[in-house]
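Structure first, commentary second.
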Amino acid sequence: MSTVAQNADDATAKFRKHWQSATADSNLTLHGFRRFKTSHLLNLRFLEDEIAELDHVIYQAGLSLNVDRSPTDRLGLRHSKRDKNVPRADAIITRGLVLRLRDLIKQYDEALVAFNNIMAMETFSLLDDEKQSSLQTDLSLYEIYNTRLLRIDLGTRSRTDPFQRWIHKWLRAFRYRRLSKKSQGNVEGLGSFEKGHRWSYQNTILVADIIGRGVTAMVTAIFLIAPLAILSQQSLRDTQLLVISLCIVVFSFLVAVMLKVSNFEMMAVSAAYAAVLSAFMSNAS
(Lines give C-alpha, C1' and ligand atoms only; values in the text may rest on other atoms or scores of the structure.)
Protein backbone atom coordinates (compact mmCIF):
# COMPACT_ATOMS: atom_id res chain seq x y z
CA MET A 1 0.00 0.00 0.00
CA SER A 2 1.40 3.43 -0.93
CA THR A 3 1.99 6.17 1.63
CA VAL A 4 -0.74 8.34 0.08
CA ALA A 5 -3.32 5.54 0.33
CA GLN A 6 -2.30 4.76 3.90
CA ASN A 7 -2.61 8.43 4.89
CA ALA A 8 -6.06 8.53 3.27
CA ASP A 9 -7.17 5.48 5.26
CA ASP A 10 -5.85 7.05 8.49
CA ALA A 11 -7.68 10.29 7.74
CA THR A 12 -10.90 8.41 7.04
CA ALA A 13 -10.61 6.42 10.27
CA LYS A 14 -9.97 9.59 12.27
CA PHE A 15 -12.85 11.35 10.52
CA ARG A 16 -15.19 8.51 11.44
CA LYS A 17 -14.08 8.72 15.08
CA HIS A 18 -14.29 12.53 15.26
CA TRP A 19 -17.63 12.64 13.42
CA GLN A 20 -19.19 10.45 16.10
CA SER A 21 -17.88 12.81 18.80
CA ALA A 22 -18.94 15.95 16.94
CA THR A 23 -22.52 14.71 16.42
CA ALA A 24 -23.08 13.02 19.80
CA ASP A 25 -26.17 13.62 21.90
CA SER A 26 -24.30 14.14 25.16
CA ASN A 27 -22.75 17.49 26.05
CA LEU A 28 -19.88 15.63 27.67
CA THR A 29 -18.87 14.08 24.34
CA LEU A 30 -19.63 17.19 22.31
CA HIS A 31 -17.75 19.68 24.47
CA GLY A 32 -15.20 17.51 26.30
CA PHE A 33 -11.57 17.95 25.22
CA ARG A 34 -8.36 16.73 26.82
CA ARG A 35 -6.21 19.46 28.36
CA PHE A 36 -2.81 17.66 28.26
CA LYS A 37 -1.70 19.24 31.52
CA THR A 38 1.68 17.46 31.70
CA SER A 39 2.54 18.32 28.08
CA HIS A 40 1.67 21.97 28.67
CA LEU A 41 3.85 22.07 31.76
CA LEU A 42 6.75 20.39 29.93
CA ASN A 43 6.48 22.96 27.15
CA LEU A 44 6.60 25.77 29.71
CA ARG A 45 9.63 24.21 31.42
CA PHE A 46 11.51 23.87 28.12
CA LEU A 47 10.79 27.51 27.31
CA GLU A 48 11.77 28.52 30.82
CA ASP A 49 15.15 26.77 30.51
CA GLU A 50 15.91 28.38 27.15
CA ILE A 51 15.02 31.86 28.42
CA ALA A 52 17.02 31.27 31.62
CA GLU A 53 20.13 30.51 29.53
CA LEU A 54 19.70 33.72 27.54
CA ASP A 55 18.94 35.63 30.71
CA HIS A 56 22.21 34.44 32.25
CA VAL A 57 24.14 35.49 29.16
CA ILE A 58 22.52 38.94 29.17
CA TYR A 59 23.26 39.49 32.86
CA GLN A 60 26.90 38.48 32.43
CA ALA A 61 27.20 40.85 29.48
CA GLY A 62 25.68 43.64 31.56
CA LEU A 63 28.02 43.01 34.48
CA SER A 64 31.02 43.04 32.17
CA LEU A 65 30.25 46.65 31.22
CA ASN A 66 31.24 47.79 34.76
CA VAL A 67 28.54 50.46 34.73
CA ASP A 68 27.96 52.25 38.02
CA ARG A 69 25.01 50.71 39.83
CA SER A 70 22.09 52.77 41.12
CA PRO A 71 22.25 53.75 44.80
CA THR A 72 19.37 51.47 45.82
CA ASP A 73 20.51 48.53 43.62
CA ARG A 74 17.03 47.06 43.45
CA LEU A 75 18.22 44.03 41.45
CA GLY A 76 21.03 43.25 43.87
CA LEU A 77 23.66 43.37 41.13
CA ARG A 78 26.47 43.87 43.62
CA HIS A 79 25.81 40.35 44.91
CA SER A 80 25.65 38.74 41.44
CA LYS A 81 28.26 36.10 40.69
CA ARG A 82 30.40 36.79 37.64
CA ASP A 83 31.58 34.07 35.30
CA LYS A 84 35.23 33.78 34.37
CA ASN A 85 36.37 34.79 30.89
CA VAL A 86 33.10 36.45 29.88
CA PRO A 87 33.25 37.61 26.24
CA ARG A 88 32.80 41.27 25.43
CA ALA A 89 29.24 42.59 25.38
CA ASP A 90 29.39 43.48 21.69
CA ALA A 91 30.30 39.85 20.93
CA ILE A 92 27.40 38.48 22.99
CA ILE A 93 24.56 40.91 22.36
CA THR A 94 23.77 40.50 18.68
CA ARG A 95 20.71 41.04 16.55
CA GLY A 96 20.18 37.30 16.35
CA LEU A 97 20.18 36.99 20.16
CA VAL A 98 17.67 39.83 20.48
CA LEU A 99 15.32 38.24 17.95
CA ARG A 100 15.64 34.83 19.60
CA LEU A 101 14.93 36.32 23.04
CA ARG A 102 11.94 38.22 21.69
CA ASP A 103 10.48 35.09 20.12
CA LEU A 104 11.02 32.96 23.25
CA ILE A 105 9.52 35.62 25.53
CA LYS A 106 6.46 35.87 23.27
CA GLN A 107 5.99 32.09 23.24
CA TYR A 108 6.51 31.89 27.00
CA ASP A 109 4.07 34.68 27.84
CA GLU A 110 1.39 33.33 25.51
CA ALA A 111 1.84 29.80 26.86
CA LEU A 112 1.55 31.04 30.46
CA VAL A 113 -1.65 32.97 29.77
CA ALA A 114 -3.15 30.12 27.76
CA PHE A 115 -2.33 27.56 30.44
CA ASN A 116 -3.80 29.79 33.14
CA ASN A 117 -7.03 30.07 31.13
CA ILE A 118 -7.10 26.31 30.54
CA MET A 119 -6.61 25.48 34.22
CA ALA A 120 -9.46 27.84 35.13
CA MET A 121 -11.93 25.97 32.90
CA GLU A 122 -14.41 23.46 34.27
CA THR A 123 -13.24 19.85 34.07
CA PHE A 124 -14.66 16.36 34.40
CA SER A 125 -13.14 12.90 34.37
CA LEU A 126 -12.77 10.99 31.12
CA LEU A 127 -14.40 8.12 33.02
CA ASP A 128 -17.65 10.10 33.16
CA ASP A 129 -18.03 9.76 29.38
CA GLU A 130 -18.22 6.06 28.51
CA LYS A 131 -18.16 6.72 24.76
CA GLN A 132 -14.91 8.67 24.80
CA SER A 133 -13.43 6.28 27.37
CA SER A 134 -14.00 3.36 25.01
CA LEU A 135 -12.01 5.13 22.28
CA GLN A 136 -8.91 5.53 24.50
CA THR A 137 -7.52 2.02 24.02
CA ASP A 138 -4.02 3.07 25.09
CA LEU A 139 -5.12 4.10 28.59
CA SER A 140 -5.85 1.88 31.59
CA LEU A 141 -8.96 2.33 33.73
CA TYR A 142 -6.96 4.20 36.39
CA GLU A 143 -5.42 6.49 33.75
CA ILE A 144 -8.87 7.16 32.31
CA TYR A 145 -10.11 8.00 35.81
CA ASN A 146 -7.28 10.51 36.31
CA THR A 147 -7.56 12.06 32.83
CA ARG A 148 -9.40 15.36 32.93
CA LEU A 149 -11.46 16.73 30.06
CA LEU A 150 -12.35 20.40 29.63
CA ARG A 151 -15.96 21.55 29.31
CA ILE A 152 -15.52 24.30 26.74
CA ASP A 153 -19.24 25.13 26.77
CA LEU A 154 -19.22 26.16 30.44
CA GLY A 155 -17.76 29.11 32.28
CA THR A 156 -14.72 29.06 34.51
CA ARG A 157 -14.67 27.36 37.88
CA SER A 158 -13.16 30.37 39.63
CA ARG A 159 -16.34 30.76 41.66
CA THR A 160 -17.05 27.07 42.22
CA ASP A 161 -17.50 26.39 45.92
CA PRO A 162 -15.14 23.94 47.66
CA PHE A 163 -18.17 21.94 48.79
CA GLN A 164 -19.22 21.37 45.17
CA ARG A 165 -15.68 20.27 44.29
CA TRP A 166 -15.76 17.72 47.12
CA ILE A 167 -19.06 16.35 45.80
CA HIS A 168 -17.61 16.27 42.28
CA LYS A 169 -14.60 14.32 43.56
CA TRP A 170 -16.76 11.81 45.49
CA LEU A 171 -18.96 11.17 42.44
CA ARG A 172 -15.90 10.46 40.27
CA ALA A 173 -14.47 8.11 42.90
CA PHE A 174 -17.79 6.27 43.24
CA ARG A 175 -18.04 5.73 39.47
CA TYR A 176 -14.41 4.55 39.35
CA ARG A 177 -14.98 1.95 42.08
CA ARG A 178 -18.15 0.73 40.38
CA LEU A 179 -16.48 0.38 36.97
CA SER A 180 -13.42 -1.23 38.55
CA LYS A 181 -15.56 -4.04 39.93
CA LYS A 182 -17.35 -4.32 36.60
CA SER A 183 -14.12 -4.51 34.58
CA GLN A 184 -12.68 -7.27 36.80
CA GLY A 185 -15.19 -9.71 35.34
CA ASN A 186 -14.81 -8.37 31.79
CA VAL A 187 -11.90 -10.19 30.16
CA GLU A 188 -12.14 -8.03 27.02
CA GLY A 189 -11.50 -4.92 29.05
CA LEU A 190 -13.15 -1.52 29.21
CA GLY A 191 -14.77 -0.35 26.01
CA SER A 192 -15.76 -3.76 24.61
CA PHE A 193 -19.47 -3.36 23.90
CA GLU A 194 -21.90 -5.02 21.61
CA LYS A 195 -23.41 -3.22 18.65
CA GLY A 196 -26.29 -1.00 19.71
CA HIS A 197 -24.87 -0.47 23.17
CA ARG A 198 -26.28 2.59 24.89
CA TRP A 199 -23.50 4.76 26.24
CA SER A 200 -23.66 5.89 29.85
CA TYR A 201 -22.71 9.36 31.08
CA GLN A 202 -22.27 10.92 34.49
CA ASN A 203 -22.64 14.68 34.41
CA THR A 204 -20.91 15.19 37.74
CA ILE A 205 -20.69 18.94 37.23
CA LEU A 206 -24.47 19.32 37.06
CA VAL A 207 -25.10 16.80 39.87
CA ALA A 208 -22.54 18.46 42.15
CA ASP A 209 -24.05 21.88 41.43
CA ILE A 210 -27.59 20.72 42.27
CA ILE A 211 -26.54 18.88 45.43
CA GLY A 212 -24.37 21.79 46.54
CA ARG A 213 -27.16 24.31 46.12
CA GLY A 214 -29.65 22.06 47.89
CA VAL A 215 -27.37 21.41 50.88
CA THR A 216 -26.48 25.12 51.11
CA ALA A 217 -30.16 26.09 51.15
CA MET A 218 -30.93 23.45 53.79
CA VAL A 219 -28.05 24.51 56.05
CA THR A 220 -29.09 28.16 55.75
CA ALA A 221 -32.68 27.30 56.66
CA ILE A 222 -31.51 25.26 59.67
CA PHE A 223 -29.36 28.12 60.97
CA LEU A 224 -32.31 30.50 60.68
CA ILE A 225 -35.04 28.26 62.09
CA ALA A 226 -33.07 26.62 64.92
CA PRO A 227 -32.10 29.90 66.71
CA LEU A 228 -35.65 31.21 66.29
CA ALA A 229 -37.06 28.07 67.90
CA ILE A 230 -34.52 28.16 70.74
CA LEU A 231 -34.86 31.88 71.47
CA SER A 232 -38.64 31.65 71.58
CA GLN A 233 -38.33 29.21 74.50
CA GLN A 234 -35.64 31.13 76.40
CA SER A 235 -36.28 34.19 78.51
CA LEU A 236 -32.83 34.49 80.12
CA ARG A 237 -30.68 37.15 78.48
CA ASP A 238 -27.42 35.27 79.03
CA THR A 239 -28.76 32.12 77.39
CA GLN A 240 -29.99 34.10 74.40
CA LEU A 241 -26.59 35.76 73.95
CA LEU A 242 -24.84 32.38 74.21
CA VAL A 243 -27.10 30.84 71.57
CA ILE A 244 -26.63 33.77 69.20
CA SER A 245 -22.85 33.79 69.67
CA LEU A 246 -22.53 30.07 68.98
CA CYS A 247 -24.75 30.26 65.91
CA ILE A 248 -22.80 33.18 64.46
CA VAL A 249 -19.43 31.47 65.01
CA VAL A 250 -20.52 28.11 63.59
CA PHE A 251 -22.37 29.66 60.64
CA SER A 252 -19.42 31.90 59.75
CA PHE A 253 -17.03 28.93 59.94
CA LEU A 254 -19.21 26.82 57.64
CA VAL A 255 -19.52 29.64 55.11
CA ALA A 256 -15.75 30.16 55.11
CA VAL A 257 -15.03 26.44 54.61
CA MET A 258 -17.83 25.36 52.26
CA LEU A 259 -18.26 28.42 50.05
CA LYS A 260 -15.78 30.37 47.95
CA VAL A 261 -16.24 33.90 49.25
CA SER A 262 -13.90 36.85 49.56
CA ASN A 263 -12.97 38.39 52.91
CA PHE A 264 -15.39 41.24 52.35
CA GLU A 265 -18.22 38.87 51.42
CA MET A 266 -17.41 36.79 54.50
CA MET A 267 -17.74 39.88 56.72
CA ALA A 268 -20.97 40.92 55.01
CA VAL A 269 -22.58 37.48 55.41
CA SER A 270 -21.59 37.25 59.07
CA ALA A 271 -22.83 40.77 59.80
CA ALA A 272 -26.14 40.13 58.04
CA TYR A 273 -26.67 36.86 59.91
CA ALA A 274 -25.83 38.55 63.22
CA ALA A 275 -28.36 41.28 62.46
CA VAL A 276 -31.07 38.70 61.76
CA LEU A 277 -30.39 36.89 65.05
CA SER A 278 -30.37 40.18 66.93
CA ALA A 279 -33.83 40.86 65.55
CA PHE A 280 -34.93 37.40 66.71
CA MET A 281 -33.60 38.11 70.20
CA SER A 282 -35.33 41.48 70.43
CA ASN A 283 -38.64 39.91 69.38
CA ALA A 284 -38.18 37.08 71.88
CA SER A 285 -37.54 39.58 74.66
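Points worth noting:
- Flag if ASN66 is at pLDDT below 85, more than 24 Å from the chain's Cα centre (by Cα), more than 30 Å from ASP153 (Cα to Cα) and part of a helix (DSSP H, G or I): no
- Looking across LEU154, LEU135, LEU141, LEU77, one residue alone is over 36 Å from the mean Cα position of the chain (by Cα) and farther than 22 Å from LEU41 by Cβ. It is LEU77.
- Matching residues in segment 265-285 - criterion: being free of Cβ contacts under 8 Å to residues at least 24 places away in the same chain and crowded, with 16+ Cβ neighbours inside 10 Å: VAL269, SER270
- Filtered residues of segment 208-244 (kept if within 36 Å of the chain's Cα centre (by Cα) and not hydrophobic (A, V, I, L, M, F, W, C)): ASP209, GLY212, ARG213, GLY214, THR216, THR220
For (1) more than 26 Å from ARG159 (Cβ to Cβ); (2) not aromatic (Phe, Trp, Tyr), each residue gets a yes or a no:
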site	(1), (2)
TYR201	no, no
ARG213	no, yes
MET218	no, yes
ARG237	yes, yes
VAL243	yes, yes
VAL249	no, yes
VAL255	no, yes
PHE264	no, no
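- The residues on offer are SER26, SER39, SER80, and the sole one that is at pLDDT below 85 and small (Gly, Ala, Ser) is SER80.
- Considering only residues in segment 221-240 that are assigned to a helix (DSSP H, G or I) and in contact (Cβ under 8 Å) with a residue 24 or more places away in the chain, the one that is surrounded by the most Cβ atoms within 10 Å (Cβ to Cβ) turns out to be PRO227.
- Selected residue [closer than 27 Å to HIS18 by Cα and either outside any loop (DSSP other than H, G, I, E, B) or modelled with pLDDT of 90 or more (or both)] from SER183, SER192: SER183
- Residue selection: ALA52 satisfies the criterion of being small (Gly, Ala, Ser) and either within 30 Å of HIS40 (Cβ to Cβ) or in a loop (DSSP other than H, G, I, E, B) (or both).
- The listed residue being within 20 Å of PRO162 (Cβ to Cβ), surrounded by fewer than 16 Cβ atoms within 10 Å (Cβ to Cβ) and small (Gly, Ala, Ser), out of SER252, SER262: SER262
- Contact map, segment 146-166: first residue among the basic types (Lys, Arg), second residue not in a loop (DSSP other than H, G, I, E, B), Cβ cut-off under 6 Å, separation 6 or more or different chains; pairs are ARG148/THR123; ARG151/HIS31.
- Of the residues in segment 153-170, at least one is part of a loop (DSSP other than H, G, I, E, B), modelled with pLDDT under 90 and in contact with a Gly (Cβ under 8 Å, 6 or more places away or on another chain).
- Within segment 98-121, the set of residues being buried (at least 17 other Cβ atoms within 10 Å of the Cβ) and under 20 Å from HIS168 (Cβ atoms) comprises just one member, MET121.
The values are calculated or read from the model by the stated rules, or taken from the named source; none is laboratory data. A quick note: this is a predicted structure, and the numbers were derived from the prediction, not measured. Methodologically, a virtual Cβ is constructed for each residue, glycine included, from the backbone with ideal geometry; neighbour enumeration extends over all protein chains shown.
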